[in-house]
Amino acid sequence: MNTVFHLLRHASHGHVGAVLTGRLAGAPLTPFGSEQALAIGRHLMGKKLDAVYTSPRLRAQQTAEILARETGVESEIAPELDEIDFGSWSGRSFEELERDPAWKLWNEERDTAATPAGDTMAATAARITGFMDRLRGEYPGNTFVLVSHSDVIKAALCQTFGIPFSSVHDFEIAPASITTLSFDKDGPSLVSRNIEAVRLTVGGIA
């Protein structure tokens, strides 16, 4: 009996690649982001889905709402899927952050470094994988969509497969991409990683 998790990074919003949004209010999906979410929703339409959970951030909730319209599975907010708390870094451009020694340390020492708010990759990994463990225990054999954020998904992958958090820069989790994990009696397996919305449509996977 396999329990499946589709880990979905929210679709694109106006800050992607330019500003560290973190837990700032706002940052809605762009029109392109809405199209990405629609592509993901159509890909998942008709597939076995037992529940959809989302981060409380607006960009994640809007992604989940589009999924709900396409799949008929309503979403529920799960604080465990929230973005990392970046504290005073939130709202700053990446260009500005590159001049901050603490930001450089965070990116070079992910196994031990913390954000200005005191958040760590280990704590992030513990909350998302703890949530997944609870769902597995309560609903074995179910299939879940978890709408979250890039580094949160990366933290889950590192924790699940014993990868150092310092390796988070070695793989990509793009906006509106699906990473699928399956758990059975022998443990976890990675079914697919970073399958992007554009590949689901243009690539003919949808």
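The values are calculated or read from the model by the stated rules, or taken from the named source; none is laboratory data. Quick caveat: nothing in here was measured; it's all calculated off a predicted structure. Please note: Cβ atoms are built from the backbone with ideal geometry, for glycine as well, and neighbour counts cover all protein chains shown.
Annotations for the structure displayed:
- Tally of residues being among the hydrophobic types (A, V, I, L, M, F, W, C) and exposed (fewer than 13 other Cβ atoms within 10 Å of the Cβ) across the range 159-180: 1
- Taken residue by residue, the range 68-76 has at least one member that is out of contact with any Pro (no Cβ under 7 Å at 6 or more places or on another chain) and of a type in the set (Lys, Arg).
- Residue 201 being at pLDDT below 95, among the polar types (S, T, N, Q), crowded, with 16+ Cβ neighbours inside 10 Å and not in a loop (DSSP other than H, G, I, E, B): yes
- Residues that are touching a Phe, Trp or Tyr at 6+ places or on another chain (Cβ under 9 Å) and either of a type in the set (S, T, N, Q) or within 23 Å of residue 162 (Cα to Cα) (or both) within the range 110-123 comprise 110, 111, 112, 113, 114, 115, 119, 120, 121, 122, listed in sequence order.
- Failed criterion for residue 73 (all others in (1) assigned to a loop (DSSP other than H, G, I, E, B); (2) within 25 Å of residue 171 (Cα to Cα); (3) not basic (Lys, Arg) hold): (2)
- As a summary of the residue check, residue 154 satisfies the conditions (1) assigned to a helix (DSSP H, G or I); (2) touching a Gly at 6+ places or on another chain (Cβ under 8 Å) except for the one numbered (2).
- The range 106-120, subset touching a Ser or Thr at 6+ places or on another chain (Cβ under 9 Å) and in a helix (DSSP H, G or I), residue farthest from residue 55 (Cα to Cα): 108
- Some residue of the range 63-83 being in contact with a His (Cβ under 7 Å, 6 or more places away or on another chain) and either under 27 Å from residue 34 (Cα atoms) or surrounded by 14 or more Cβ atoms within 10 Å (Cβ to Cβ) (or both): yes
- Some residue of the range 77-99 being modelled with pLDDT under 95, touching a helix residue (DSSP H, G or I) at 6+ places or on another chain (Cβ under 8 Å) and in a strand (DSSP E or B): no
- Within the range 2-16, being part of a loop (DSSP other than H, G, I, E, B) and among the hydrophobic types (A, V, I, L, M, F, W, C) holds for 11, 16.
- Residue match in the range 100-107 (condition: touching a residue at least 24 places away in the same chain (Cβ under 8 Å), under 24 Å from residue 156 (Cα atoms) and either under 20 Å from the mean Cα position of the chain (by Cα) or buried (at least 17 other Cβ atoms within 10 Å of the Cβ) (or both)): yes
- Among the residues of the range 157-183, those that are in contact (Cβ under 8 Å) with a residue 24 or more places away in the chain and assigned to a loop (DSSP other than H, G, I, E, B) comprise 164, 173, 174, 175, 176.
- In the range 18-59, the residues that are of a type in the set (A, V, I, L, M), buried (at least 18 other Cβ atoms within 10 Å of the Cβ) and either in a loop (DSSP other than H, G, I, E, B) or at positive phi (or both): 20, 27, 49
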